[in-house]
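The values are calculated or read from the model by the stated rules, or taken from the named source; none is laboratory data. These numbers were taken from a predicted model, which means no experiment stands behind them. A quick note on method: Cβ atoms are made from the backbone with ideal geometry, for glycine too, and the neighbour counts reach across all protein chains shown.
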Amino acid sequence: MSTLHADHAPSGGTYADRYVAAAHFRDRDHEFESVKMGVWLFLSTEILLFAGMFVGYAILRMLHPEAFIAGSGKLSTFWGLLNTVVLLISSWTVAMAVRSAQLGKQGALQFHLIVTNLCATAFVVIKLVFEYYPKWQEGKLPGKWFSYPYAVDPSEPLWWGIYFGSTAIHATHVIIGMGLLTWLLIRARKGHFGPHHYTAVEGVGLYWHIVDMVWIFLFPLLYLIH
Amino acid sequence: MSSHADPHAHAADHPRTHGHWNPHTHVVVSARTLTSVLVILLVFTFLTVGAAKAEQFVMYTIGFPLPGWVNVAVALSIAVVKAVLVAMFFMQLKYDNPMNSLVMIFCLMALASFLGFTMLDLGQRNSIYPFKSEYIVPGGTGIKGDGPIATLARQKAIQDGTYDPEHAAHAHKFIPPGQDDGPGSSAQRSRPLKGLTLPELGAAPPAKHAEHSEHGKPEPAPAGGH
Amino acid sequence: MTTITSPHAGHGDHGGHHDHDVSYLHPKGGIWTTIWDWASTIDHKKIGVMYLVAILFMFFLGGMAAIAVRLELMEPTREVTVAGKNVVTGQLLAFGQSLQKGNENYNRMFTLHGAIMVFMVIVPSVPASLGNFLLPLMLGAKDVAFPRLNLLSWYVYVLGSIFAVAAIIMGGVDTGWTFYTPYSTTTDVEGNMAYWRIVSMILAAFILGFSSIFTGLNFVVTVHKLRAPGMGWFDMPLFVWGIYGAAIIQVLATPVIGITLLLLIFERLFRIGIFDPAMGGDPVLFQHFFWFYSHPVVYVMILPGMAIINEIIAVYSRKRIFGYRAVAFSTLAIAAISFIVWGHHLFTSEGEVAAVVFSAITFLVAIPSAIKVFNWIATLYKGSIRLTTPMLYALGFLFLFTIGGLTGLPLGTLSVDLHLHDSYFVVAHFHYVMMGSTIIAFIGGIHHWWPKMFGRMYNEFFAKIGFWLVFIGFNVTFFPQFMMGAHGMPRRYASYTDEFLIYHQISTIGSWVLLVGFLVHLFVFIHSLLAGRLAPPNPCGGLTLEWTDAASPPIEHNFHHEPVVNHGPYDYDDVFPKQADPKEFPMPAPLPAGARAH
């Protein structure tokens, strides 16, 4: 399927050096810029997807402020904070991964991708084991599953709907990101990325930053209400 | 989107080789910048937690009733600063084609319109005819019309004999002893609350009216029923 | 992005497995090879044709539902006592069962009609079919920016449509296409097969949203990055501007319907209570969520329709479009305003303060819309008008869109809308805009670009007969609905009082005329494919790149050489003055070979 053009592609070098843009682009930079713009448009759709959760949050908090305070009080700020730190570090490593790819440092690229993926795994594990599971056991669940007998506000099930809804959609994005990072790592090990071709690293990196950015807003809005 | 948005799109017809290198397209951000940004982000993360604790201290320990918007305003300002840092440096918008920033700006304008107008409506719905928000009952009438789910959950626990009144009066966040006289909800307490009367069986917990709970109220409650 | 493709397509160094100078329609081999070639194609032209076929099929399904709705309304569905005897009337859709069954089936029928027509026909109609086919051709590009994403969007569209059809098979959805809560959240018994049909329909709309986002994202990047050398923003054909405006809305609005429908599914399956007052939530919140998407999306429907009208009117008037920049900017203005007016769909349920604000902003939409209409009329003035089928459709559009647009003004007026809300006046208004404008423009556009897409001319005589049937049928169907709506006939009822009988009967008869008109067009298309005479490259004398630089039908890679733009899309006076005889009919002579060589 892959064909290389003999006139323009140097015979030697890595896959990334030999890469030639798809036929409808002028050159690799043209392709890179176009893909990047596509990724930014995709990111804006992601932001507007989460916008729904944020608007739902704002309206329901406006209607039932006490329920949100009571519900937020039952979250563990420690785990939330730890998860924020984990995600921020992963955001840094993915930025470093892009930098490594730009500089052609294959080892550093793989290292940063692995660390990012480990952080992502840590995030999901913390979320599931230390946050979701205890709450599930106590019955602090959304809507009709709510069975926690010690609620202090009758609207608390709504709060749990917002909490689980927004964090679950966010966690889904983290898990998708883990898949993408793994894909990047496999390609990086094959030497697919270099200073002249790192479009995929850049795109996934941007996606990962948006996931981080959403959490930057979710953390104070969910955990730090009083 | 204006005509000068993309100066490169119809520039000279570049040969589609790998050699074309636009320094504006590929900016390598220095590791020092990235690391500094990470450090700032971490500092801001702890700052936002610290600010929330400080607000609690002011409200519950000193007893000064902060208005509800302070919590949201502080949390969101810090989050916005963090998000801007991530966008500018990690996501490289500072160095990038301005078109991508424009995409983000349009996206945020759509978000602002979504949030703004929805809140305008649901926040002002009772401003002319007060009855228009009366139907918003805390906790609702229940799925089968037999009471809020939180109340039903408590009833069920009492029937099952798993209800522990001691536990109900305790909560999960640590607040130093002797400082529990503030008007916070029980979720803020680690010790038995003085004077807490458990809601009567079968009835919704006492509704907390806007007049009585200045603290922790992020927005004026439209459901307050003036 | 792993495939490394040749930079010099069409120079014979591509492995030799296909010849680049043949038409994109040329079969690649046997039947299975050809089917696989189409199913795996990343050629925007084939994807456009595949979309066209899929959309026309869904249009047929939605149209059948509409015919059923109109048939049911031929008589009121009710039980009356005549001379001491109970007489049941108008229970066609009950299939001999109870009156209630008839009402339920009526509800399902209009929901199917609405959901299919909105999500599966009108939203993707022009952008996904004609837009996909024409956008790269008009920009002088070899393909859209992300061809694989483009193919994916078609499969996602098909997947979404399958979910919708599954919902029909499971018993049909009776919530109305808007999925308002609590109809969509608390109906049906859990554990029953029927419980899942609404979930299936909601999932269908959710999935179709992805298809829409992919298309929109692709088009925005294509317009920004893939314009031919020499083509600035204001050298683009106005068709591209319209598609571009719609694509921006698709990208920015569709994610919100995604999260809305997701929350709706959570609401139905888990009762999380966000939209449920029984749980402390707010049903009006759902309406805000829904219309934040669904209002902008009516401009996703109309902007591409307007885009087609620009091209048709300019070509068949042989005149530079009047006020190019005003039309281009009005497109963007409509796109921008579309995000701040959604509240006029909930005047009766939202608070007064927001209603007043939304009503005031709503009138802003009239300004750019009127700019467009005035500019089209000014373009017609002293033009060399040829009344071909596409031109008839464009003039029909002007007529119907003006009615549809002007009847929008009373609906945007808060006090009047409280009377007209949820009446047939609303039904008539949005049918004049969605069908009378978008679908009419779509069919006109199909006729206009038919020779380019399939390389064959169609029978002008029968196409015109089709037009007149559609045009007359449409007005007979929907104009009476304005009258009965103003008299108080509510929408979504199978029953009505006797005073509305005559309006409903006229309307139903009109729907049959409309059906015949569409069947004539179907016949024209099939006849053209089987026996139409071969089309020259530029049968209509257009100046946009798809006419001047591409064959009919275009070759696989669109152009033999990358086109260089050296004239505007509507410079008829400069490029070939007096070439075509305005009286020539049905089509002028093709462009002389050297016509654009300067």
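Go through the range A:108-119 and count every residue that is surrounded by fewer than 24 Cβ atoms within 10 Å (Cβ to Cβ) and either more than 30 Å from A:Ile89 (Cα to Cα) or in contact (Cβ under 8 Å) with a residue 40 or more places away in the chain (or both).
Adding up the residues that qualify gives 3.
One line per residue, one yes/no per condition, for (1) free of Cβ contacts under 8 Å to residues at least 40 places away in the same chain; (2) of a type in the set (Asp, Glu); (3) in contact with a helix residue (DSSP H, G or I) (Cβ under 9 Å, 6 or more places away or on another chain); (4) at positive phi:
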site: C:Ile308; (1), (2), (3), (4): no, no, yes, no
site: C:Tyr316; (1), (2), (3), (4): no, no, yes, no
site: C:Ser338; (1), (2), (3), (4): no, no, yes, no
site: C:Val341; (1), (2), (3), (4): no, no, yes, no
site: C:Glu352; (1), (2), (3), (4): yes, yes, yes, no
site: C:Val356; (1), (2), (3), (4): no, no, yes, no
site: C:Ser369; (1), (2), (3), (4): yes, no, yes, no
site: C:Asn375; (1), (2), (3), (4): no, no, yes, no
site: C:Thr379; (1), (2), (3), (4): no, no, yes, no
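Quick one: A:Gly161 ticks every box in (1) within 10 Å of chain B (Cβ to nearest Cβ); (2) under 20 Å from A:Met62 (Cβ atoms) bar one, so which box is it?
That leaves (1) as the condition not met.
Of the conditions (1) of a type in the set (S, T, N, Q); (2) without any contact (Cβ under 8 Å) to a residue 40 or more places away in the chain; (3) part of a helix (DSSP H, G or I), A:Ser147 clears all except one; give me its number.
The number of the failed condition is (3).
State the number of residues belonging to the range C:452-492 that are in a helix (DSSP H, G or I), buried (at least 19 other Cβ atoms within 10 Å of the Cβ) and hydrophobic (A, V, I, L, M, F, W, C).
Count: 11.
Within the range C:542-570, track down each residue that is farther than 19 Å from C:Ala145 by Cβ and not in a loop (DSSP other than H, G, I, E, B).
C:Trp547, C:Thr548, C:Ile555
Which residues, taken from the range B:56-95, are farther than 22 Å from B:Ala112 by Cα and either under 15 Å from the mean Cα position of the chain (by Cα) or small (Gly, Ala, Ser) (or both)?
If the condition is that a residue be farther than 22 Å from B:Ala112 by Cα and either under 15 Å from the mean Cα position of the chain (by Cα) or small (Gly, Ala, Ser) (or both), then B:Gly63 is the only one that fits.
Tell me, which helices (runs of 4 or more DSSP H) lie completely within the range C:91-177 with 2 or more residues that are surrounded by fewer than 21 Cβ atoms within 10 Å (Cβ to Cβ)?
Result: C:99-115, C:147-169.
Which condition breaks for C:His527 when tested against (1) touching a Lys or Arg at 6+ places or on another chain (Cβ under 9 Å); (2) at pLDDT 85 or above?
It is condition (1) that C:His527 fails.
Which number in (1) polar (S, T, N, Q); (2) touching a residue at least 60 places away in the same chain (Cβ under 8 Å); (3) more than 17 Å from C:Phe275 (Cβ to Cβ) marks the one condition that C:Ser200 misses?
Checking C:Ser200 against (1) polar (S, T, N, Q); (2) touching a residue at least 60 places away in the same chain (Cβ under 8 Å); (3) more than 17 Å from C:Phe275 (Cβ to Cβ), the one that fails is (2).
Evaluate the following for A:Leu60: is it surrounded by 24 or more Cβ atoms within 10 Å (Cβ to Cβ), within 18 Å of A:Leu224 (Cα to Cα) and not hydroxyl-bearing (Ser, Thr, Tyr)?
Yes: the conditions hold for A:Leu60.
Please indicate, with yes or no, whether at least one residue in the range A:99-110 is modelled with pLDDT of 95 or more, within 24 Å of C:Ile272 (Cα to Cα) and more than 10 Å from chain B (Cβ to nearest Cβ).
No; the residues of the range A:99-110 include none that is modelled with pLDDT of 95 or more, within 24 Å of C:Ile272 (Cα to Cα) and more than 10 Å from chain B (Cβ to nearest Cβ).
In the range C:351-380, which residue that is facing chain B (nearest Cβ under 8 Å) and touching a Gly at 6+ places or on another chain (Cβ under 6 Å) is farthest from C:Thr438 (Cα to Cα)?
C:Ala354
Could you say whether any residue in the range B:39-52 is buried (at least 19 other Cβ atoms within 10 Å of the Cβ), at pLDDT 90 or above and under 29 Å from C:Leu139 (Cα atoms)?
Checked against the condition, which is being buried (at least 19 other Cβ atoms within 10 Å of the Cβ), at pLDDT 90 or above and under 29 Å from C:Leu139 (Cα atoms), the range B:39-52 yields no hits at all.
Can you confirm whether C:Ala247 is at pLDDT 95 or above, in a helix (DSSP H, G or I) and either surrounded by fewer than 24 Cβ atoms within 10 Å (Cβ to Cβ) or within 13 Å of chain A (Cβ to nearest Cβ) (or both)?
In short, yes.
Restricting attention to the range C:104-141, report how many residues are over 20 Å from C:Trp450 (Cα atoms) and of a type outside the set (A, V, I, L, M, F, W, C).
8
Select, from A:Val174, A:Val204, A:Val214, the only residue that is part of a helix (DSSP H, G or I) and within 11 Å of another protein chain (Cβ to nearest Cβ).
On inspection, the qualifying residue turns out to be A:Val214.
If the requirement is being more than 26 Å from B:Phe46 (Cβ to Cβ) and touching a helix residue (DSSP H, G or I) at 6+ places or on another chain (Cβ under 7 Å), which of these qualifies: A:Glu66, A:Glu131, A:Glu33?
A:Glu33
Would you mind stating whether B:Leu76 is more than 30 Å from A:Phe78 (Cα to Cα) and assigned to a helix (DSSP H, G or I)?
When the stated conditions are applied, B:Leu76 does not pass them.
Among C:Phe292, C:Phe329, which is the only one that is free of Cβ contacts under 8 Å to residues at least 60 places away in the same chain, more than 23 Å from A:Gly38 (Cβ to Cβ), surrounded by fewer than 22 Cβ atoms within 10 Å (Cβ to Cβ) and within 22 Å of the chain's Cα centre (by Cα)?
C:Phe329
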